[in-house]
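The values are calculated or read from the model by the stated rules, or taken from the named source; none is laboratory data. For clarity, every value in this text was computed on a predicted model and none was experimentally measured. Neighbour counts are summed over all protein chains in view; Cβ atoms, including those assigned to glycine, are modelled from backbone coordinates with ideal geometry. Just so you know, the surface numbers come from the protein's heavy atoms only, side chains and all, with ligands and any DNA or RNA stripped out. Shrake-Rupley method; radii C 1.70, N 1.55, O 1.52, S 1.80 Å.
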Amino acid sequence: LELPEYISEIHPVFHISMLRKHVKDDRTVVTPEVVGVTVRPDTSYEVEPVRLIARSERKLRSRVQPMVKVLWNAQDQSDATWELEDDVRRDFPHLFDGQV
């Protein structure tokens with residue numbers, strides 16, 4: 001796979017399972033833009049948490065680990081992630097002002 005110079009830092013080999021069928025036609029293919037995300041020259045970007053969606057507890061052998069579901073600014077609600085509550089509380093305390 002030959003990539004343009006501005007994204008030459010990306011590994012140019014992909015597994016076939018990552019490919020999607022594309023039917024060539026005369027129309028131009030437009031990729032959707034993600035609003036509110038700035039892509040850096042090294043193709044990385046930073047996301048910030050928007051809000052907490054849900055709470056849960058993960059039971060380990062001898063203890064219970066509190067978890068929170070975090071909605072990030074570069075994703076829709078279906079891509080929210082479960083994170084350890086202690087880590088989110090430490091890094092983003094402002095999210096706990098309005099408790100879930």
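Residues of the range 72-88 that are open to solvent by 90 Å² or more (accessible area, probe 1.4 Å) and modelled with pLDDT of 90 or more: Trp82, Asp86.
Just the residues that are among the polar types (S, T, N, Q) and either surrounded by 11 or more Cβ atoms within 10 Å (Cβ to Cβ) or closer than 20 Å to Asp97 by Cα (or both), please, taken from the range 53-71. Talk me through it step by step, then tell me what you get.
Start the filter on the range 53-71 by keeping residues that are among the polar types (S, T, N, Q), which leaves 56, 62, 65.
Result: Ser56, Gln65.
Of the residues making up the range 43-91, just one is in contact with a Pro (Cβ under 6 Å, 6 or more places away or on another chain), touching a residue at least 24 places away in the same chain (Cβ under 8 Å) and over 30 Å from Ile7 (Cβ atoms), namely Glu85. Hey, does the range 27-34 have a residue that's under 29 Å from Glu83 (Cα atoms) and either at pLDDT 70 or above or open to solvent by 100 Å² or more (accessible area, probe 1.4 Å) (or both)? Yes; the residues of the range 27-34 include at least one that is under 29 Å from Glu83 (Cα atoms) and either at pLDDT 70 or above or open to solvent by 100 Å² or more (accessible area, probe 1.4 Å) (or both).
Against the numbered list (1) among the basic types (Lys, Arg); (2) touching a strand residue (DSSP E or B) at 6+ places or on another chain (Cβ under 8 Å); (3) at pLDDT below 85, Lys69 comes up short only at (3). When the criteria are applied in full, Ser44 fails the requirement of being of a type in the set (Ser, Thr, Tyr) and farther than 30 Å from His11 by Cβ.
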